[in-house]
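**Student:** This is the structure I want to talk about, given as structure tokens.
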Amino acid sequence: MTKSSQIKKKVPPPKLLRGMKDILPDEQLYWNVIRDQVRSFANDYGFGRIDTPTLEPESLFKRGVGDMTDIVQKEMYSFVDQGGEHIAARPEATASIVRAYIEHGMVSLPQPVKLYYIGSMFRHERPQFGRFRQFYQFGFESLGVDQPVVDAELILLGHRLCRDLQLDVRVQLNSIGDPKSRGVYLEALKSYLKDYKKTLCESCLKRLAKNPLRVLDCKEASCQKVLEGAPQTFDYLADDAKQHFVMLMEHLDELEIAYELNPRLVRGLDYYNRTVFEYWYDDEQFGGNLALGGGGRYDYLSSILGGRPTPAVGLAMGIERLVLLLKEKNTYPFMQYRPDVFIAQLGDQARKKALRLFDDLRTAGIKVRQTFTRDGLGGQLGIADKLGAKFVLILGQKEILDQTVLVRDMENGSQEVVPYEKIVKDIQKLIHKKDA
Ligand code: AMP
């Protein structure tokens, strides 16, 4: 079809793919708060940034996340590229990070190797509240050490990060033991579930045959009821795994982090062993517990991918859900973005001066905002107020003639006239006085 015939036929404009979203400037403020928070926590806890590609060999996730998981079986965006390679858009980042750890010989660095990431993930899930097909996660991974203090450090980090965003989360905790001792548990679980084949949902019947552990986190009411009496993983832990779990709980007690032991928590990826945890937030709009993030140990992932055995533990959180909650709660954790000064101008002459003043203030390190294209004073003061500006500098006809600036304190409404050539120094002093 030629371009002109397309125009005639009124082809509808292209739309977003289902489950995808644009993040517009108004929302970016929330994203920035979260990204800044992540970077600052990474700094404090000593994690180095890693960026891995969006596209990876499909086999990485088949081997790493597990061929039988929903993520790999049903949700992965995979394709064969022009060179005939089987490729997947990453559904999660841990497998990529372990690949990078092996590929770059990080095993020879001092352990633990502590890495963090922020990036988008892709899962072809049914879109719903807080669930997208492209979504962003940040995560922290600590590789090379099996001590429970590392698990505790990560659980602490995620908890504090939510707390600093004013989100009160409930830590869910479980230990699913090690593969070598899991056989006994799985036998007990299978033999319990066999009696309920008529009650279990269709997916769980399949899981029962192929991946019985996953039955534990089925959300269907009928399966939930059956699971109430199911055997629990921590009753089947081998001694060393039990001891690890007890020590982790002691660390959390010392930190006074409340946790709920949740025997059903198994998480949707095959690589986990021992510790698994999630952060839940009671959300009315969601109608229950919204999982903001989670993680666990994956001591066997490196060997599964062909590397040296490397104990490791990680945590991932979804940014969209955090943004949803920050918006829903209407909290204002943006004080660090609050401008010191807003410049309001009236008329062409003033606009010229205002652009210059903006540049002078910014160069002097003052946080300054403006809207050079707006006219009325009322509208500009409204914007300054919304941004939380401490002072508004008003430049009108009179100020241009007198070579002055009118400084308005937005907290108490007082105003003073300052000679233009003194404005940068004077406003610095005023800000300093207010912040003191
Ligand atoms: P997971 O990688 O499944 O353990 O997920 C960790 C966190 O990522 C979840 O708790 C969510 O906050 C977020 N997340 C997972 N899947 C999605 C999705 N489809 N859309 C939005 N956020 C997601």
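The values are calculated or read from the model by the stated rules, or taken from the named source; none is laboratory data. These numbers come from a predicted model, not from an experiment. Here the Cβ is made from the backbone with ideal geometry for all residues, glycine too, and neighbour counts use every protein chain on show.
**Student:** Considering the range 285-325 alone, what residues qualify as being away from the ligand (no atom under 16 Å from the Cβ) and not in a loop (DSSP other than H, G, I, E, B)?
**Tutor:** Of everything in the range 285-325, those that are away from the ligand (no atom under 16 Å from the Cβ) and not in a loop (DSSP other than H, G, I, E, B) turn out to be Ser302, Ser303, Ile304.
A quick yes/no check of all residues on (1) under 19 Å from Asp299 (Cα atoms); (2) in contact with a strand residue (DSSP E or B) (Cβ under 9 Å, 6 or more places away or on another chain); (3) in a helix (DSSP H, G or I):
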residue: Tyr136; (1), (2), (3): no, yes, no
residue: Ser142; (1), (2), (3): yes, yes, no
residue: Asp151; (1), (2), (3): yes, yes, yes
residue: Leu154; (1), (2), (3): yes, yes, yes
residue: Leu157; (1), (2), (3): no, yes, yes
residue: Asp168; (1), (2), (3): no, yes, no
residue: Leu213; (1), (2), (3): yes, no, yes
residue: Val226; (1), (2), (3): no, no, yes
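**Student:** Right, here's the next one. Note down all Cβ pairs under 6 Å where the first residue falls in the range 42-56 and is touching a residue at least 60 places away in the same chain (Cβ under 8 Å) and closer than 17 Å to Tyr136 by Cα, the second is of a type in the set (A, V, I, L, M, F, W, C) and not in a strand (DSSP E or B), and they're at least six residues apart or on different chains.
**Tutor:** Thr52/Ala100
**Student:** What's the number of the condition Tyr279 fails, among (1) within 16 Å of the ligand (Cβ to nearest atom); (2) modelled with pLDDT of 85 or more; (3) out of contact with any Cys (no Cβ under 7 Å at 6 or more places or on another chain); (4) among the aromatic types (Phe, Trp, Tyr)?
**Tutor:** Of the numbered conditions (1) within 16 Å of the ligand (Cβ to nearest atom); (2) modelled with pLDDT of 85 or more; (3) out of contact with any Cys (no Cβ under 7 Å at 6 or more places or on another chain); (4) among the aromatic types (Phe, Trp, Tyr), the odd one out for Tyr279 is (3).
**Student:** Name every residue in the range 260-276 that is part of a strand (DSSP E or B) and either modelled with pLDDT under 90 or over 28 Å from Arg63 (Cβ atoms) (or both), in order of residue number. Working first, answer last.
**Tutor:** Initial filter on the range 260-276 (part of a strand (DSSP E or B)): 260-261, 273-276.
Scanning the range 260-276 gives Glu260, Leu261.
**Student:** Go through (1) farther than 23 Å from Lys74 by Cα; (2) modelled with pLDDT of 95 or more; (3) touching an Asp or Glu at 6+ places or on another chain (Cβ under 9 Å); (4) within 16 Å of the ligand (Cβ to nearest atom) for His251 and report which single condition fails.
**Tutor:** (4)
**Student:** Are any residues in the range 254-272 away from the ligand (no atom under 15 Å from the Cβ) and touching a Phe, Trp or Tyr at 6+ places or on another chain (Cβ under 9 Å), and if so, which ones?
**Tutor:** Tyr259, Glu260, Leu261, Pro263
**Student:** Also: Out of (1) surrounded by fewer than 20 Cβ atoms within 10 Å (Cβ to Cβ); (2) touching an Asp or Glu at 6+ places or on another chain (Cβ under 8 Å); (3) closer than 29 Å to Leu213 by Cα, what's the single condition that is false for Arg123?
**Tutor:** Result: Arg123 fails condition (1) only.
**Student:** If we scan the range 400-418, do we find a residue that is part of a helix (DSSP H, G or I) and surrounded by fewer than 12 Cβ atoms within 10 Å (Cβ to Cβ)?
**Tutor:** So in the range 400-418, the residues part of a helix (DSSP H, G or I) come out as 400-402.
Checking the rest, the ones that are also surrounded by fewer than 12 Cβ atoms within 10 Å (Cβ to Cβ) come to 401.
Yes: one or more hits.
**Student:** Consider Arg163 against the criteria (1) within 28 Å of the chain's Cα centre (by Cα); (2) touching a residue at least 12 places away in the same chain (Cβ under 8 Å); (3) part of a helix (DSSP H, G or I): it satisfies all of them except one. Which criterion is unmet?
**Tutor:** The single condition Arg163 does not satisfy is (2).
**Student:** Still on this structure: Listed residues Val226, Val184; which is touching a Phe, Trp or Tyr at 6+ places or on another chain (Cβ under 7 Å), surrounded by fewer than 18 Cβ atoms within 10 Å (Cβ to Cβ), farther than 30 Å from Phe41 by Cα and hydrophobic (A, V, I, L, M, F, W, C)?
**Tutor:** Values: Val226 fails: surrounded by fewer than 18 Cβ atoms within 10 Å (Cβ to Cβ).
Exactly one residue qualifies, and that residue is Val184.
**Student:** May I ask you to list the residues in the range 68-90 that are in a loop (DSSP other than H, G, I, E, B) and either surrounded by 18 or more Cβ atoms within 10 Å (Cβ to Cβ) or touching a residue at least 40 places away in the same chain (Cβ under 8 Å) (or both)?
**Tutor:** Met68, Thr69, Met76, Arg90
**Student:** Specify the residue that is nearest to Tyr77 (Cα to Cα); the eligible residues are those in the range 91-108 that are touching a residue at least 12 places away in the same chain (Cβ under 8 Å) and outside any helix (DSSP H, G or I). Reasoning before the result, please.
**Tutor:** In the first step, residues of the range 91-108 are kept if they are touching a residue at least 12 places away in the same chain (Cβ under 8 Å); the result is 91-102, 106-107.
Next, only the ones that are outside any helix (DSSP H, G or I) stay: 91-93.
Values: Pro91: 8, Glu92: 12, Ala93: 14 Å.
Once the filter is applied, the top-ranked residue is Pro91.
**Student:** Just one of the numbered conditions (1) away from the ligand (no atom under 13 Å from the Cβ); (2) within 21 Å of Arg49 (Cβ to Cβ); (3) touching a Pro at 6+ places or on another chain (Cβ under 7 Å) is not true of Met121; which one?
**Tutor:** (1)
**Student:** Which residue, of Lys329, Lys352, Lys390, Lys386, is within 30 Å of Phe129 (Cβ to Cβ), modelled with pLDDT of 85 or more and of a type outside the set (Phe, Trp, Tyr)?
**Tutor:** Numbers: Lys329 fails: modelled with pLDDT of 85 or more; Lys352 fails: within 30 Å of Phe129 (Cβ to Cβ); Lys390 fails: within 30 Å of Phe129 (Cβ to Cβ).
From the options Lys329, Lys352, Lys390, Lys386, the qualifying one is Lys386.
**Student:** When you look at Phe140, is it under 29 Å from Thr310 (Cα atoms), surrounded by 15 or more Cβ atoms within 10 Å (Cβ to Cβ), within 16 Å of the ligand (Cβ to nearest atom) and not aliphatic (A, V, I, L, M), yes or no? I'd like the intermediate steps shown before the answer.
**Tutor:** Numbers: under 29 Å from Thr310 (Cα atoms): yes; surrounded by 15 or more Cβ atoms within 10 Å (Cβ to Cβ): yes; within 16 Å of the ligand (Cβ to nearest atom): yes; not aliphatic (A, V, I, L, M): yes.
For Phe140, the condition - under 29 Å from Thr310 (Cα atoms), surrounded by 15 or more Cβ atoms within 10 Å (Cβ to Cβ), within 16 Å of the ligand (Cβ to nearest atom) and not aliphatic (A, V, I, L, M) - is met.
**Student:** Select from the range 68-113 the residues that are charged (D, E, K, R) and modelled with pLDDT of 95 or more and write down the one among them that is nearest to the ligand (Cβ to nearest atom). Spell out the reasoning first.
**Tutor:** Narrowing the range 68-113 to residues charged (D, E, K, R): 70, 74-75, 81, 85, 90, 92, 99, 103.
Retained after the next criterion (residues that are modelled with pLDDT of 95 or more): 81, 85, 90, 92, 99, 103.
Working: Asp81: 24, Glu85: 25, Arg90: 11, Glu92: 5, Arg99: 17, Glu103: 22 Å.
Here the residue is Glu92.
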